[in-house]
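Below is one structure, written out as structure tokens; comments come after it.
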Amino acid sequence: MSHIACTHCNLTFSEEVLIKEEVQGETRYFCCKGCQGVYHLLNAEGLGTFYDKLGDTQLKPASETSKSDSDLGKFDLEGFKNKYIKNHEDDLCEIHLIIEGIHCSACVWLNEKVLHKTDGIMEASINYTNNKAKIVWDPHSVKLSHIIQTIRSIGYNAYPYDPALQEERAVATRKTYYTRILVAVFGSMNIMWLAIAHYAGYFSGIEQSYKNILNVAQFILATPVLFYSGWIFFRGAYYGYKNNIVNMDTLVASGALLAYIYSIYAMVTLRGEVYFDSVVMIITFVLVGKYLEVLSKKQAVDTLDGIMGSTPTEVTTVNKGIKALVSVENIIIGDAIELKPGERVVIDGLVLSGAASFDESSLTGENEPIYKQKGDSILSGSLCLDSVVLYEANKDVSSSLLTSIVNLLEVSMSRKPRIEQLANTISGYFSTTILVISLLTFTGWYFFMGDFEHALIIGISVIVIACPCALGLATPMATLVGISMAAKRGILFKEAGFLESMAKSDVLFLDKTGTITEGKPSVQHVHIEDGFDASLLYALVSTSNHPISKGIAAYLSQKYDDITSIVLQDIQSIDAKGLKATYHKQTLIGGNASLLKEKGLAVPMDSEHSLFFFAIDNEVLAYFELSDTLRENAADAIDDIKEMGVEIVMLTGDHEKSAQKVASQVGISQVYSKLLPQDKANIIDEYHKQGHVTVMVGDGINDAVALALSDISIAMGNGADIAIDVSDVVLLDDKIESLHEAYILSRRTYRGIKENLGFSLLYNVIAVPLAVMGFVNPLIAALSMSLSSLVVVGNSLRIKNLKFRNKT
Amino acid sequence: MSEEIVILMIGVSTFLGALGLIGLIWAVKTGQFDDHSKFIDATRHDNEEDLRDAAMMAEKKAAHKKRIKELERKKCMPAD
């Protein structure tokens, strides 16, 4: 059985299931009608070069991404227009869309190309990094619904988002930072080569006239850097002053400004040395650090837009038999809402009639669909899978679960830098102290010696010597080594500071499914009767995406080599119970115990695992016991972490029984089960109140709030995008052992930081008094600074000697 | 080396550098670096076709502006 790639999406399938077609004398294979349609559409439009650009990248089959066009009408509704469409003065409309299904730059190319070719579209640009598109069109020539339909026709999907919420602000800040950094880097690079001439002249002698030229050139370059690039620090210092806070900005601004003023004084009076190079260096380094923070915030905003954008803006209400599309904001408690298969729930409620399976994985993390019928409650955020349901809203949209999760996320994103605040207060005290010392030094020298100029140089040298050097290097150097060591072992720390907080943590929260366990059920026991045909069962379970079916399919393909491809007829998916199909007049049934009981078959019911039965013509031929397996070495790794003195707590949305089972297997005694996303967050908050520093490990959207609230959040590399985005650390290899390694590394790094800090404090304690006493001239300062930096760097490199268990 | 030469060298090189800086800032402000992935891939997909596309979009915009102007003129014209 040979496997061939689909001409459009590049996914491989066995030859027999593919659609064959002769195109210009060559045989083309398609996995579905959707892919075939898109292929012909692209070639007809002259966009066949898309496939050259695509290379080996695999796409989603077009039939999976294509949605029914029945909801297209909503894009032309008034409520939708008011919410998402911006009207330009020249009669054009603008919308921001998130394009779903983009895999590579060829996809971006194709979408732009097709949009450009559409009449009435004036501008279409797609950002490949975050899949966001901006489209400007003439509403008289083309409707928005047509634009969306065009995107869908080539196998992608688009939904709108509102950039005014967060993105515009985030983008604007990023751009101003970027330009400010460009100016600062340009200024400092040029001043440095002028300064080299200056320093050379300091040692070997230089004529005053040349020195003046260099001084003026440095002055011209330093001025825009200080006032344009450094504006952020002056603003920060000003706000600090208004609120009576002395912060790092104050120190940076005052140090740089004083050095600048003094340098002008030295330049004009032709006495002493200029310090324009220090001015620009201070500004540039601190500015780059701040820019990195801004970058990470932008990413979080992108993900949040993704969640909000995928939720519907309108729902179908049914009032006395009349159906109407109503904006979600206008839904009041008691309204009857119709839910179709594939729709996401936006408003919580109770089922009035009908029954369907719901995918609640985005809320509970458990991937088994849940069957709901009359009287059951449905939660917003879950996905209706297989049939039409009528339900009554028992909350309005703003108090529904999904909205509250998103709100919580927004809040916690802005609340995140707790450690940063602490660092700022500490540096605030440090800054104040240095400023006071420098002021006292200046007044002291001025009163006792009477020499204004000399007193000013000494005052400034105190600020400059204390400001950036060893103390500034102590943390970044050690964390840099720690972070790069971690990255080599598949542990990504998103920010340097996280190593430090991780080292301090004393409580570890673990999610169950996907974190301690694999998140995929696998076959544990098999009972097979005579007449069992693995190929038939394989064909049956292959028709379903249910995790249990997938688990069985994986088991069969691994265990049996002789599976042949069989085409079944009348395939039916029975709500959350199983599958049914016919093959050569035989009836195949596969599913759980209740399905077989319904069919009048007696089956053994008792097992602590999930059961799957397979019957042909009312005869049970096999049954499988499946359970979620623990991750490799989970128990050992958890033991190791416990030994480090960390309290371990398990948080799960699953039932108590299965939670307890897993907990006892890995040796966790504290278990909280049946938790909703907020409950997890609440528990973490409780621990915070008791003064604990917490680490949370999770993988799903359901963990996102808890992850965002925890001091340190760790996501599994294969988890949901949102989980990875709000988390501080990502474990790429999905192993619990890496968690243990992350602990070891962070603690070692933290020790390195403490040693470095201790040393640099010592350095400051010695250097600052020397500066105060007037013993520090530029030469000594430069020498002692480099020496102290070398010590810090050397000590940090010692972290590399750390040995891990099992591995080299 | 005379003082004038030093001034000239520093002045000219700083000026040239500043021109580059201004160009870079202009690129940032007009959003040319907003999408770093596309920026890197641009070299792979850059071809005549894209130029034709850009020309087509410019034509479309020009046509739209013309139409708007004509509409306005009609509005301003006194009724016969």
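Every number in this text was worked out from the coordinates using simple rules, so none of it is lab data. What you see is a predicted model, and the numbers here were worked out from it, not measured in a lab. Glycine also receives a Cβ, built like all others from the backbone with ideal geometry; neighbour counts cover every protein chain displayed.
Would you please give the residues with an amide H less than 5 Å from that of A:Ser627, counting only those at least 5 places away or on a separate chain, with H modeled from the backbone geometry?
A:Ser522, A:Gln524
If you take every residue apart from A:His198 with its C-beta less than 14 Å away from the C-beta of A:His198, what net charge results, scoring Lys and Arg +1 and Asp and Glu -1?
Working: positive: A:Lys211; negative: A:Glu207, A:Glu273, A:Asp277.
Neighbourhood net charge equals -2.
Counting only residues 5 or more places away or on other chains, whose amide H sits under 5 Å from the amide H of A:Glu100 once H atoms are built in the peptide plane?
It is A:Asn157, A:Ala158, A:Tyr159, by chain and number.
I want to check the label-to-label distance for A:Ile85 and B:Ala63. Put each point 7 Å from Cα in the C-beta direction and report it in nm to one decimal.
A separation of 2.0 nm, rounded to one decimal place.
Using Cα pairs closer than 8 Å and at least 6 residues apart in sequence, work out the relative contact order for region A:569-692, in percent.
About 13 percent, as a whole number.
Using the Karplus curve 6.51 cos²θ - 1.76 cosθ + 1.60 with θ = phi - 60°, what ³J(HN,Hα) values do you get for each residue of region A:385-392, in whole Hz, with x for Gly and Pro?
9, 10, 8, 7, 10, 9, 9, 9
Which lysines, on any chain, are close to A:Lys520 with Cα under 21 Å apart, when same-chain ones fewer than 8 places away are left out?
Cross-link targets: A:Lys512, A:Lys550, A:Lys559, A:Lys577, A:Lys657, A:Lys661, A:Lys674, A:Lys735.
Just to confirm a number: summing +1 for Lys and Arg and -1 for Asp and Glu over residues other than A:Met122 whose beta-carbon lies under 14 angstrom from that of A:Met122, what do you get?
Summing Lys/Arg as +1 and Asp/Glu as -1 gives -2.
Using θ = phi - 60° and the Karplus curve 6.51 cos²θ - 1.76 cosθ + 1.60, what whole-Hz ³J(HN,Hα) does each residue of region A:352-359 get, with Gly and Pro shown as x?
8, 8, x, 8, 7, 8, 10, 8
What are the residues whose amide H is under 5 Å from the amide H of A:Ile337, where those residues sit 5 or more places off or on another chain and H is modelled from the backbone?
A:Val318, A:Tyr391, A:Glu392, A:Ala393
For the pair A:Ser153/A:Tyr51, report the inter-label distance in nm, with labels modelled 7 Å from Cα in the Cβ direction.
The answer from the label model is 2.0 nm.
Could you tell me the center-to-center distance, by alpha carbons, between region A:621-665 and region A:10-26 in angstrom?
Between the Cα centre of region A:621-665 and that of region A:10-26, the gap is 45 Å.
Whole-Hz ³J(HN,Hα) for each residue in region A:214-220, computed from phi via Karplus 6.51 cos²θ - 1.76 cosθ + 1.60 with θ = phi - 60°, x for glycine and proline: what do you get?
4, 4, 5, 4, 5, 4, 4
If I model a spin label at A:Lys340 and B:Met9 as a point 7 Å from the Cα along the Cα→Cβ vector, what separation in nanometres do I get?
It works out to 7.6 nm between the two label points.
Please tell me the relative contact order of region A:318-394 in percent, rounded to the nearest whole number, where contacts are Cα pairs under 8 Å and at least six residues apart.
Computed value for region A:318-394: 42 percent relative contact order.
Say R0 is 45 Å: what FRET efficiency, to the nearest 0.05, do A:Gln665 and A:Thr12 get from their beta-carbon distance?
Details: r = 37 Å, r/R0 = 0.82.
Between A:Gln665 and A:Thr12 the formula returns 0.75.
Which shape class, rounded, prolate or oblate, goes with region A:518-630 when its Cα gyration tensor gives a ≥ b ≥ c as root eigenvalues, a/c under 1.5 marks rounded, and past that a/b bigger than b/c marks prolate?
Rounded is the answer for region A:518-630, as its axis ratio a/c remains below 1.5.
Taking a cut-off of 22 Å between Cα atoms, list the lysines near A:Lys113, but don't count ones fewer than 8 places away on the same chain.
Correct list for A:Lys113: A:Lys53, A:Lys60, A:Lys67, A:Lys132, A:Lys134, A:Lys143, B:Lys38, B:Lys60, B:Lys61.
Which whole number gives the average count of other chain Cβ atoms within 10 Å of the Cβ atoms across peptide A:193-202?
The mean count of partner-chain Cβ atoms within 10 Å per residue comes to 1.
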